[in-house]
Amino acid sequence: MILKGSDVNWMDAFGGAITVCNTEGIIVYMNDFSIRQFEKYGGEKLLGTNLLDCHPEPSKTKLREMLATPTENTYTQKRTV
């Protein structure tokens, strides 16, 4: 998504992973950070695959619930150096 009056894609410039799936759980978008973060699992090759296949229980059940009743899932991780 390009911001009006800018040629910067804010989602790629964002300093965290953004991964978006459709209502069936198919991954339809990954920003550059997300692609790098999930490189060992396929990175960009994850586009078009099912999000449910990437998660063990109990995460898989939580994802199914979220897809059935759309809700946000946002979280942050604080890293200590």
Ordered by fewest other Cβ atoms within 10 Å, a rough proxy for footprinting exposure, Ile27, Ile18 read Ile18, Ile27
Could you work out the relative contact order of region 10-68, using alpha carbon pairs under 8 angstrom and six or more residues apart, expressed as a whole percent?
29 percent
Lys and Arg at +1, Asp and Glu at -1: add these up for the other residues within a Cβ distance under 10 Å of Ile35 and post the number.
-2
Which cross-chain or sequence-distant (5 or more) residues have an amide H under 5 Å from the amide H of Cys21, H modelled 1.01 Å from N in plane?
Val28
Amide H to amide H, which residues 5 or more places from Thr49 or on other chains are under 5 Å from it, using H placed in the peptide plane?
Ile27
Over region 10-68 - Rg/Rh using Cα atoms and the Kirkwood inverse-distance radius:
0.98
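Each value in this text was obtained by applying a stated rule to the coordinates, not by laboratory testing. Keep in mind the model is a prediction, meaning the values are calculated, not measured. Every residue, glycine among them, receives a Cβ derived from its backbone with ideal geometry; neighbour counts consider all protein chains shown.
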